[in-house]
Amino acid sequence: MFRFKRSQRVQELIHEEISKLIQHGLKDPRIGFVTVTRIELSDDLKNARVYVSIMGSEEERESSIEGLNSAKGYLRSCLGKNLYLKRIPELHFKLDAAADHVEKITKIIGDWNHE
């Protein structure tokens, strides 16, 4: 029988909660259109890398990452209230370069199809 590691289950829960919180709970004007693409949680559940895709210019992306980093404490406290975990991991926001790559390829294919 296949069993998930606990960190994978927690990773999915954190992904879902952070996505909801970013969409509905953050009022920081620096944060633009942000999508959580994936979470990498350490096996000891102490650290979580939160990969995000951000629509907009390079300046808007940097501004959104700053806003997310300043909201870490708020996000962790909300996770603590919503998830029943002994320890809430430290959050580390990273821009997901893979999402940008997919976006560029999609644009190239779209342009190619219109020729």
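The values are calculated or read from the model by the stated rules, or taken from the named source; none is laboratory data. What you see is a predicted model; the values in this text were computed from it and never measured. Quick reminder, even Gly has a Cβ in these numbers, built from the backbone with ideal geometry, and neighbours come from all protein chains shown.
Here are the numbers for the structure shown:
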quantity: In segment 35-44, residue nearest to residue 85 (Cα to Cα) [restricted to those that are touching a residue at least 40 places away in the same chain (Cβ under 8 Å) and in contact with a strand residue (DSSP E or B) (Cβ under 6 Å, 6 or more places away or on another chain)]; calculated: 41
quantity: First in segment 8-34 and within 14 Å of residue 65 (Cα to Cα) and acidic (Asp, Glu), second anywhere and part of a loop (DSSP other than H, G, I, E, B) and at pLDDT 95 or above, Cβ under 7 Å, 6 or more apart; calculated: 28/71
quantity: Scope segment 76-105; condition more than 16 Å from residue 38 (Cα to Cα), in a helix (DSSP H, G or I) and among the hydrophobic types (A, V, I, L, M, F, W, C); matching residues; calculated: 78, 79, 105
quantity: Residues (loosely packed, with under 13 Cβ neighbours inside 10 Å and either without any contact (Cβ under 8 Å) to a residue 24 or more places away in the chain or of a type in the set (Ser, Thr, Tyr) (or both)) located in segment 45-54; calculated: none
quantity: Set 62, 40, 66: member being among the acidic types (Asp, Glu) and either in a loop (DSSP other than H, G, I, E, B) or under 21 Å from residue 10 (Cβ atoms) (or both); calculated: 40
quantity: Residue check for residue 21: buried (at least 16 other Cβ atoms within 10 Å of the Cβ) and within 12 Å of the chain's Cα centre (by Cα); calculated: yes
